[in-house]
Amino acid sequence: MRLTTTLAAVVLVALTTTAEAFPFAKKGDVKELNGKTLPKFLSTHKPVFVMFYAPWCGHCKTMHPDYEKFGKAVKDVVRVGAVNADQHKEVGGQYQVQGFPTIKYWPMHANGKKPQDYQGQRTFAALKAAALREVKPKVTTATTVAAITKMLGKTGKVAVLFTAKPKSPPM
């Protein structure tokens, strides 16, 4: 009897944890995505991180709070989403998801083109560091108008800092 009661309690806790963890909050900073919403979500100049998860996955449940914290920390500069790949198997298949959690990211200006596999740690600090590396400004020194014009031709957008100092300040 005692074993049955203990087993029932464990099952109840597992079910409750799953209900609280997934899906992500509708008004949260991690957007729940599916086959219809993912393409529009990826259509951006910002970097995009998407976690493919299964609600029953223990590693996904463990990662859930860090991923939500990550979404909140980078919400203004990186798009953060999640796909229940157990429910939306076709989306998981499209991105070669073979295990959970799988995190894919699209660098700046990728506009939904081929994603890259995130291979780092599944922690808030590691995710945040990886995301911020994607948005870190790329600084190039140009000493002539021709060099500035050449940079402008590559991207169409250039910020210019004029300084008499031998080193530019950190950005």
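Assorted remarks:
- Test result for ALA146, crowded, with 18+ Cβ neighbours inside 10 Å, of a type outside the set (Ser, Thr, Tyr) and outside any strand (DSSP E or B): no
- Among the residues listed as GLN87, GLN96, the single one being on the phi > 0 side of the Ramachandran plot and not hydroxyl-bearing (Ser, Thr, Tyr): GLN96
- Within the option set PHE49, PHE70, being touching a residue at least 60 places away in the same chain (Cβ under 8 Å), open to solvent by less than 10 Å² (accessible area, probe 1.4 Å), touching a helix residue (DSSP H, G or I) at 6+ places or on another chain (Cβ under 8 Å) and not in a helix (DSSP H, G or I) holds for one residue only, PHE49.
The values are calculated or read from the model by the stated rules, or taken from the named source; none is laboratory data. This one's a predicted model, so the numbers in the text were calculated from it and none came from an experiment. Reconstructed Cβ throughout: ideal geometry from the backbone, glycine too, with neighbour counts over all protein chains shown. Heads up: the accessible areas ignore ligands, DNA and RNA and are worked out on the full protein's heavy atoms, side chains in. Shrake-Rupley method; radii C 1.70, N 1.55, O 1.52, S 1.80 Å.
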